[in-house]
Structure formats: C-alpha cells, structure tokens
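Novice: I have a structure here, written as structure tokens, and I will follow up with some questions on it.
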Amino acid sequence: MIKETEIESRVSAAITFFEQGYNCSQAVFMAYADKYQIDSETAAKLATSFGGGMGRLREVCGAVSGMFFVLGLHYPFTQPTDKVAKDANYKAVQRTAAEFKSVMGSYICADLLKTKREPQQPESTERNEAYYNLRPCTRCVAVAAGIVGREIMQ
C-alpha cells in the first residue's frame with residue numbers, strides 16, 4: 001500500500017508541475033527526480049527540449065520521454081561494454097512504452113493530439129482552460145507518471 005500511495009503522490013505532483021506550466025516531459029521527470037538526488041531545477045533543464053514531442057516536432061510524446069529519463073536513472077547504462085545494463089534499460093523502455101500505448105493508443109504526440117506529424121511553430125501554446133480541455137496532455141502526464149512509478153517501485 002505504501003508503494004501505491006507514493007505512486008499516487010508522484011502522479012499528482014506530475015500533474016501539478018504540468019498545470020504550473022512545465023512541459024509534459026519536465027512534469028513526469030521532475031516528479032521522480034528527487035529519488036535519484038536530482039533537484040527540480042536540474043531535472044527541468046534536462047527535460048526542457050523534450051516537451052511537445054521533442055521541441056514541438058510532435059514526435060515521441062514528452063510525457064513518455066520524461067518516463068524514459070526516469071528509466072535511464074533507474075536502469076543506467078554507463079559502461080560501453082555493459083550489455084546486460086543496456087539491455088535491461090531497453091527492455092524497460094519498450095515495456096513501459098507498450099503499456100503507455102495500450103492505454104493512450106499511441107506514444108506519438110501528433111497521434112495523441114490528432115494533428116499532422118510535422119514541426120509546428122516553435123512558440124509554445126498559451127496555457128488556458130481551452131488548452132487543457134482540447135488536449136489529452138494532462139492525462140498523458142498522469143498515465144506516464146503512473147507507469148514509470150509502478151516500473152521502478154516493483
């Protein structure tokens with residue numbers, strides 16, 4: 001029960017970060033960064049470019065990228081000859097991506113937003129009620145934060 005309570009707390013934190021204006025990638029990564037002794041500012045900096053499907057390119061969903069940042073810390077691959085660690089990371093990435101896709105239908109930002117898969121204007125969209133009502137982004141953040149929490153806290 002403690003694990004589930006902690007996961008719920010971190011999902012709530014991810015949603016709060018997103019609603020404060022952090023991008024989807026930052027929100028998920030920041031919700032777990034402290035577990036790996038990374039402060040919120042550093043986590044926000046590292047994940048900055050991955051929002052909007054990587055800088056609004058609408059590729060891999062930023063919430064999924066945030067999930068992968070956490071997996072990189074939990075299943076690190078730091079030595080070029082460590083095939084076991086590399087494979088463990090890639091297995092976790094594929095496992096969690098498949099779970100996200102099964103829930104959301106895709107892990108591609110353009111598919112989730114039902115828009116063209118091409119770069120959009122580099123300027124971010126203003127966050128307002130219409131933004132949150134038209135996009136599944138808050139749900140993507142919540143789903144990704146829950147999936148990665150269950151993965152790392154098993």
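Novice: In a helix (DSSP H, G or I) and crowded, with 19+ Cβ neighbours inside 10 Å: does that describe V84?
Specialist: no
Novice: Output yes when any residue across the stretch 53-62 is touching a Pro at 6+ places or on another chain (Cβ under 8 Å), within 21 Å of N128 (Cα to Cα), buried (at least 21 other Cβ atoms within 10 Å of the Cβ) and among the basic types (K, R), and no when none is.
Specialist: Yes, that holds for at least one residue.
Novice: Related question: Is at least one residue of the stretch 54-75 over 12 Å from the mean Cα position of the chain (by Cα), without any contact (Cβ under 8 Å) to a residue 24 or more places away in the chain and not in a helix (DSSP H, G or I)?
Specialist: Yes, the stretch 54-75 contains a residue that is over 12 Å from the mean Cα position of the chain (by Cα), without any contact (Cβ under 8 Å) to a residue 24 or more places away in the chain and not in a helix (DSSP H, G or I).
Novice: What number of residues in the stretch 1-44 are within 18 Å of S124 (Cβ to Cβ) and not in a helix (DSSP H, G or I)?
Specialist: 3
Novice: Further question: Of all residues in the stretch 133-154, which are surrounded by fewer than 13 Cβ atoms within 10 Å (Cβ to Cβ) and in a helix (DSSP H, G or I)?
Specialist: N133, L134
Since every read-out is calculated from the coordinates, none of them should be taken as a lab result. This one's a predicted model, so the numbers in the text were calculated from it and none came from an experiment. With ideal geometry, Cβ positions are generated from the backbone for all residues, glycine too; neighbour counts draw on all protein chains shown.
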